[in-house]
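One structure is given here, and the rest of the page talks about it.
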Amino acid sequence: MKIEEIKDKLEKANIAVATVDSENKPHAIAIMYAKIKDGKVVITNNYMSSTIKNLEGNPYVSLVFWKERKDLGLMGRLNILILASGLIM
């Protein structure tokens, strides 16, 4: 499935992103905003400092989104681009 095919579902869903810290302990947060722009997932939240730190040490991420009992997920390696407290995946 191509990222553009899930654009409408992702942008209207509840979203969580999971990472691991330097001790391989899991860390997950809810995401306030997600959009797909130029084939990339753009996410942001007011409390992403731990997430960003984790991704600098380990670029693998799991992103889960759901709405009305239907869920999808994305997993993979993240190329981090930090813009005003947001991440582009």
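Selection of first residues in region 17-42 that are among the basic types (Lys, Arg) and of second residues that are outside any strand (DSSP E or B), restricted to Cβ pairs under 7 Å at least 6 apart or on distinct chains, gives the following pairs, ordered by first then second residue: LYS35/GLU11; LYS40/MET89.
Counting only residues that are of a type in the set (Gly, Ala, Ser), surrounded by 14 or more Cβ atoms within 10 Å (Cβ to Cβ) and modelled with pLDDT of 90 or more, region 9-27 holds 1 of them.
Among the residues of region 52-85, the ones that are at pLDDT below 55 and assigned to a strand (DSSP E or B) come to 2 in all. Taking SER49 as the residue in question, decide whether it is farther than 14 Å from LYS67 by Cα, hydroxyl-bearing (Ser, Thr, Tyr), modelled with pLDDT of 85 or more and out of contact with any helix residue (DSSP H, G or I) (no Cβ under 8 Å at 6 or more places or on another chain). For SER49, the condition - farther than 14 Å from LYS67 by Cα, hydroxyl-bearing (Ser, Thr, Tyr), modelled with pLDDT of 85 or more and out of contact with any helix residue (DSSP H, G or I) (no Cβ under 8 Å at 6 or more places or on another chain) - is met.
Does ILE88 count as surrounded by 11 or more Cβ atoms within 10 Å (Cβ to Cβ), in contact with a Lys or Arg (Cβ under 8 Å, 6 or more places away or on another chain), closer than 17 Å to ILE15 by Cβ and at pLDDT 85 or above? Even if it seems obvious, please write down each step before you answer.
Working: surrounded by 11 or more Cβ atoms within 10 Å (Cβ to Cβ): yes; in contact with a Lys or Arg (Cβ under 8 Å, 6 or more places away or on another chain): yes; closer than 17 Å to ILE15 by Cβ: yes; at pLDDT 85 or above: no.
When the stated conditions are applied, ILE88 does not pass them.
The values are calculated or read from the model by the stated rules, or taken from the named source; none is laboratory data. These numbers come from a predicted model, not from an experiment. So basically every Cβ, Gly included, is an ideal-geometry build from the backbone, and we count neighbours across all protein chains shown.
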